[in-house]
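One structure below.
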Amino acid sequence: MAKTIRSRGLIWVSRIFVLILFFIPAAFSMLGAFLGSPSSSGTGALADLFSNYTMGAAVLTLKVGWVSTALAILLTGMALGWFRLAKSRSQHSWWTTGALGTLISIPHLSLATGLLLLVGDSGWLVRVLGSLFPGREYAFQLDHDVGAWTLSLFLGMKESLFLIYVGLPLVDSVGASRKIVNSLGRSNWTSWWWVEWPQVLHGLRYAIWAVLGYSICVVDVAVVLGPTNPPVFALVLWDWIKDPGESTQALVSGGALMLLALVALGVFGWEGALWSLGRFKSWLLSKGKIGKRPLPLSPMLLFILFTLILSVVALVLWVFGDSWTIDQPIPPAWTLEFAREGVSSMRGTLIQTLGLAVSSALASIATVLLWIEFDSRAHTKIATTAVFLMLVFPALIAVIGLDSMLSRVGIYHPSIAVFLGHMLFVFPYVFLVLQQAFHQVDPRLALVAASLGKSKTVFLLKIRVPLLKGSIAAAFAVGFAVSVSQFLPTIMLGGGDWTTLATETVASLSSGNRRWVAVYGLANAMLPAAVFLFCSLFSQRPEGSTCR
């Protein structure tokens, strides 16, 4: 009886924590947005909300979301097809566990900073071109990129890595189709693009929503690579939030509703486009017009990987390279002076970043383990859908809601607020990693433990956790990387008391000093990458583990 009471208590503790972490803040933010909407604040605020400047930013935001998502899906289809059709997957395991995992762990902000130092004004590419073709001026003004093509291409490249990582387990589930297609005289690539890939794409549906939502709501990457006139709508809303004047409060509420509407419109528009493509595919099949030539796979994938790796190399050049002129392709000499100055000046920031990342990752792992172990509802499709919706929900609105909730209940403290803000974004990724691993453990082990009189808590600590130590290490690496990349929760909830590598990287952009931008960007990249490589040592399933 006592064990049953304790189990039910843990169930409700985990449920209430999940509600407090996301759903209640979301409700607070939406309620505040509706109560403070511009319609109740006069026609002036309403006119500002629907001005040509704001509507131009909204249209640009949808364009960025759709273009980046389409590019990410195209690259994902190519990469998964290459992996699916590889003769020996063991030869390519270095790519999936090494290069892919490391690039995923590097925050968007760090890669965006590296890309800025690569192709931006006076960047590495400009210097290389200037040395190869002297006498010409090369200038890439990213803030004048009116169509936000640089931002769209970067998001498509980076988010494709996430989709590839999520889609890899789905590839093995569509293997029976190829033999049938081959028996009809079609090639392996025809089988992949026309039969197998649509099945994998259906399994990636919620992950694609998450990518689309992130691309529409991104702030820190848009600060680095986005245009300024007009900017994307998330930056417009961010400027309103930073304005302490009372006249902008109605704009913040209305902007939050508009951002949510943009996400919903983006998702519905994307689903409509996929439906239209499906109908077009059916028409092609009915006419027998099946393409026989594969898409240009290798050059595009190599270009993407090459660009992302060069972005990291650009950070290294600006950190360790000595003074170099515009006509020199690489620094003439190397120095550790800037790296030493950066390490000495960022010690406090580094400690706060590590503390937030470790604590939020461990707390999320503990919450997920308790929820999945003791609550059968955590294994349902509804729970998985709800977690994916947490990724789709606009980050700005979620953070505003968390701040409002903590202030209204009277428990607001910068440390508590920042910690919960980081958990708000770490928890969904940790859940997705551990939920899949839970299903691989033989369920008969729980029955054996119960027949021996052992409680679920004992089974969790003595049997489940040791079997899942590889997955827990992977979840910790993912959660750590997500926390390190968080900019909005820290800057909005910290009250100036908290600084992390992400916030300092964005702040260094305003100084115009490429050295400091590179120092913080490289530190922000290497920290999660080092943790990922360390945790990968424990991510291999040990021999003798009891899994299905």
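The values are calculated or read from the model by the stated rules, or taken from the named source; none is laboratory data. This structure is a prediction, so every number in the text was calculated from the model and none was measured. As a convention, Cβ positions derive from the backbone with ideal geometry for all residues, glycine included, and neighbour counts pool all protein chains shown. The protein model used for the area step is the full one, side chains on, heavy atoms only, and it has no ligands, DNA or RNA in it. Shrake-Rupley method; radii C 1.70, N 1.55, O 1.52, S 1.80 Å.
Just a few scattered comments:
- Overall shape: prolate for segment 187-232, with the ratio a/c of the largest to smallest alpha carbon gyration tensor axis at 1.5 or above and a/b above b/c.
- Whole-Hz ³J(HN,Hα) from phi, Karplus 6.51 cos²θ - 1.76 cosθ + 1.60, for segment 261-272, glycine and proline x: 5, 5, 5, 4, 5, x, 5, 5, x, 5, 4, x
- Rounded to the nearest 20 debye, dipole of segment 347-450 from Cβ charges on Lys, Arg, Asp, Glu: 80
- Averaging the Cα positions of each part gives two centres, and for segment 489-509 and segment 61-85 these lie 31 Å apart.
- Residue order by solvent-accessible surface for Lys456, Lys462 is Lys462, Lys456, largest first, with ligands and nucleic acids left out and a 1.4 Å probe.
- With DNA, RNA and ligands ignored, accessible area of Phe133 (1.4 Å probe; Å², nearest 10): 100
- In the complete set of protein chains, residue-level accessible area for His108 is approximately 40 Å², probe 1.4 angstrom.
- For segment 328-426, the residue among Gly342, Ile330, Thr353 whose Cα projects farthest onto the positive side of the dipole built from Cβ charges is Thr353.
- When both segment 205-277 and segment 393-442 are represented by their alpha-carbon centers, they are found 20 Å apart.
- Packing, as the average of other Cβ atoms within 10 Å across residues, places the peptides 364-374, 330-340 in the order 364-374, 330-340, highest first.
- Accessible area per residue was computed with a 1.4 Å probe on protein heavy atoms; Ser404 scores about 30 Å².
- Largest to smallest accessible area among Trp275, Trp82 [probe 1.4 Å]: Trp275, Trp82
- Largest accessible area first, the residues Tyr165, Tyr206 order themselves as Tyr165, Tyr206 under a 1.4 Å probe with ligands, DNA and RNA left out.
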